[in-house]
Amino acid sequence: EAKNSAKAVVEFTGELDTTTPLRIAVLSGLDQALSEGQLSVVYQPLMSTATGLTGGFEALVRWTHPEFGPLSPAEFIAIAEMGEGIRKITDFVVRQTLANLKVWRRIIPDLHIAVNISPRVLLDHHFPEIIEGMLKEFDLPGESIVMELTESTLLVDPVRAVEIINMLGEIGIKVEIDDYGTGYSSLAYIKSLPISALKIDRSFVADILTDETNQVIVSSTIKMAHTLGLQTVAEGVEDEATLMLLRKYGCDMIQGYYYAKPLPEKEVVGWLKRNV
Ligand code: C2E
Ligand code: CA
Ligand code: CA
Ligand code: CA
């Protein structure tokens, strides 16, 4: 994966190779991209397995570069995560999301949207304060946003991560573990944290129809998560047979192309009218 290869470059050489065109575009072009409107946010529906209705969305950033066209988020996020760029991107995504929530909550009053939070952003001591300020600015409750963190974020600085997750909890923000299963954290460790849900990584979900090992991993993860009081979300669900199997396992929420690809902002109201 691009994210890992970018990390590998840093770990191996001790510095980021800043010479490839994409890296130059990201490292030197972000401010201009933000001011010229090259970045946007798309929203992928999270569907309730039990009802088939919309339970929320995940906000995903998009960057259409004037020279390179659409950039892969996995790639430009990995580059932005090396420096301050990721703060600017997160600030943009959270603000867009809150502005939209303001409108969309008139259709679904308790609608919430999940945003992805990188380690550098979460671990900043001012982060809960910054988020609280934005919520005030938009006059929205903490419950309107959810934050997705990967297991690796918890490992960077576990003590500080817990402190900050607790502070977010105090303002009503729930935290979920993204890409669950790709890291090394045990459910016992996760249970000791103020986490509300696990998002099971796409790599386990993708072939559960044919791969018995992944069937066991996914079904037992869902069972254990529920025993520990955690909700479960499966990402990357692309067909009905996979959905049926996940429903049988008791998975709470589904995200994937079977229901919808990430939707441009303009299409969300139409989606909500058809799917709530
Ligand atoms: P992620 O957080 O695991 O997001 C889910 C990714 O899976 C998204 O890719 C989504 O478009 C894709 N996806 C959803 N359903 C399906 C499906 O059924 N099949 C397949 N094959 N893919 C599906 P996307 O939008 O390219 O984002 C890639 C990654 O970039 C995200 O993975 C996340 O790690 C990162 N990212 C995206 N937006 C942001 C952001 O605003 N902030 C941060 N920090 N990271 C972001
Ligand atoms: Ca995510
Ligand atoms: Ca994910
Ligand atoms: Ca992922």
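The values are calculated or read from the model by the stated rules, or taken from the named source; none is laboratory data. Remember, predicted model here, so these are calculated numbers, not experimental data. Quick reminder, even Gly has a Cβ in these numbers, built from the backbone with ideal geometry, and neighbours come from all protein chains shown.
Which residues, taken from the range 183-223, are part of a helix (DSSP H, G or I) and of a type in the set (Asp, Glu)?
First pass over the range 183-223, keeping only residues part of a helix (DSSP H, G or I): 187-191, 202-205, 212-223.
If the condition is that a residue be part of a helix (DSSP H, G or I) and of a type in the set (Asp, Glu), then Glu212 is the only one that fits.
Kindly evaluate Ser185 against the criterion of being away from ligand 1 (no atom under 14 Å from the Cβ) and either in contact (Cβ under 8 Å) with a residue 24 or more places away in the chain or within 17 Å of Ser152 (Cα to Cα) (or both).
Judged against the criteria, Ser185 is a match.
Could you run through the range 183-207 and say how many residues are within 16 Å of ligand 3 (Cβ to nearest atom) and more than 24 Å from Gly56 (Cα to Cα)?
Residues flagged as within 16 Å of ligand 3 (Cβ to nearest atom) and more than 24 Å from Gly56 (Cα to Cα) within the range 183-207 amount to 2.
Which one of Ile195, Ile254, Ile222 is at pLDDT 95 or above and within 16 Å of ligand 2 (Cβ to nearest atom)?
Answer to the check: Ile254.
Is it true that some residue in the range 102-122 is of a type in the set (Ser, Thr, Tyr) and over 14 Å from the mean Cα position of the chain (by Cα)?
So far as the range 102-122 goes, no, none of its residues is of a type in the set (Ser, Thr, Tyr) and over 14 Å from the mean Cα position of the chain (by Cα).
Can you confirm whether Val115 is touching a helix residue (DSSP H, G or I) at 6+ places or on another chain (Cβ under 8 Å), within 22 Å of Asn166 (Cβ to Cβ), at pLDDT 95 or above and not in a helix (DSSP H, G or I)?
Yes: the conditions hold for Val115.
Val26 passes all but one of (1) crowded, with 20+ Cβ neighbours inside 10 Å; (2) within 16 Å of ligand 3 (Cβ to nearest atom); (3) not small (Gly, Ala, Ser); which number fails?
Of the numbered conditions (1) crowded, with 20+ Cβ neighbours inside 10 Å; (2) within 16 Å of ligand 3 (Cβ to nearest atom); (3) not small (Gly, Ala, Ser), the odd one out for Val26 is (2).
Can you name the number of the only condition in (1) in contact (Cβ under 8 Å) with a residue 12 or more places away in the chain; (2) out of contact with any strand residue (DSSP E or B) (no Cβ under 6 Å at 6 or more places or on another chain); (3) within 28 Å of Thr182 (Cα to Cα) that Ala114 fails?
Among (1) in contact (Cβ under 8 Å) with a residue 12 or more places away in the chain; (2) out of contact with any strand residue (DSSP E or B) (no Cβ under 6 Å at 6 or more places or on another chain); (3) within 28 Å of Thr182 (Cα to Cα), the lone unmet condition for Ala114 is (2).
Which pairs do you get when a residue that is within 15 Å of Gly29 (Cα to Cα), found in the range 67-81, comes within reach of a residue that is modelled with pLDDT of 95 or more and more than 9 Å from ligand 1 (Cβ to nearest atom), reach meaning Cβ atoms under 6 angstrom, with the pair 6+ apart or on two chains?
Correct list of pairs: Pro70/Thr64; Leu71/Trp63; Phe76/Trp63.
When the residues of the range 208-248 are filtered to those that are small (Gly, Ala, Ser) and touching a strand residue (DSSP E or B) at 6+ places or on another chain (Cβ under 9 Å), which remaining residue is nearest to ligand 3 (Cβ to nearest atom)? Full working, then the answer.
So in the range 208-248, the residues small (Gly, Ala, Ser) come out as 219-220, 225, 229, 234, 236, 241.
Of the ones still in play, those that are also touching a strand residue (DSSP E or B) at 6+ places or on another chain (Cβ under 9 Å) are 225, 234, 236.
Working: Ala225: 15, Ala234: 10, Gly236: 8 Å.
Here the answer is Gly236.
Scan the range 227-248 residue by residue and report those that are surrounded by fewer than 18 Cβ atoms within 10 Å (Cβ to Cβ) and touching a residue at least 60 places away in the same chain (Cβ under 8 Å).
Hit for the range 227-248 is Arg247, nothing else.
Quick one: in the range 141-151, of everything that is buried (at least 17 other Cβ atoms within 10 Å of the Cβ) and touching a Gly at 6+ places or on another chain (Cβ under 6 Å), which residue is nearest to Val103 (Cα to Cα)?
Gly142
Can you tell me how many residues within the range 135-149 are without any contact (Cβ under 8 Å) to a residue 40 or more places away in the chain and assigned to a strand (DSSP E or B)?
Within the range 135-149, the first condition is being without any contact (Cβ under 8 Å) to a residue 40 or more places away in the chain, and the residues that meet it are 135-137, 139, 141-143, 147, 149.
Next cut, assigned to a strand (DSSP E or B) only: 147, 149.
Count: 2.
Run down Leu154, Leu135, Leu168, Leu140 and say which single residue is over 28 Å from Arg247 (Cβ atoms) and within 16 Å of ligand 3 (Cβ to nearest atom).
The conditions single out Leu154.
Based on what the data block shows, is Thr150 in contact with a strand residue (DSSP E or B) (Cβ under 9 Å, 6 or more places away or on another chain), of a type in the set (Ser, Thr, Tyr) and within 13 Å of ligand 2 (Cβ to nearest atom)?
yes
Residues that are assigned to a helix (DSSP H, G or I), within 10 Å of ligand 1 (Cβ to nearest atom) and among the aliphatic types (A, V, I, L, M): does the range 56-74 have at least one?
yes
When only residues in the range 164-204 that are of a type in the set (Val, Ile, Thr) and away from ligand 4 (no atom under 16 Å from the Cβ) count, which is surrounded by the fewest Cβ atoms within 10 Å (Cβ to Cβ)?
Here the answer is Ile171.
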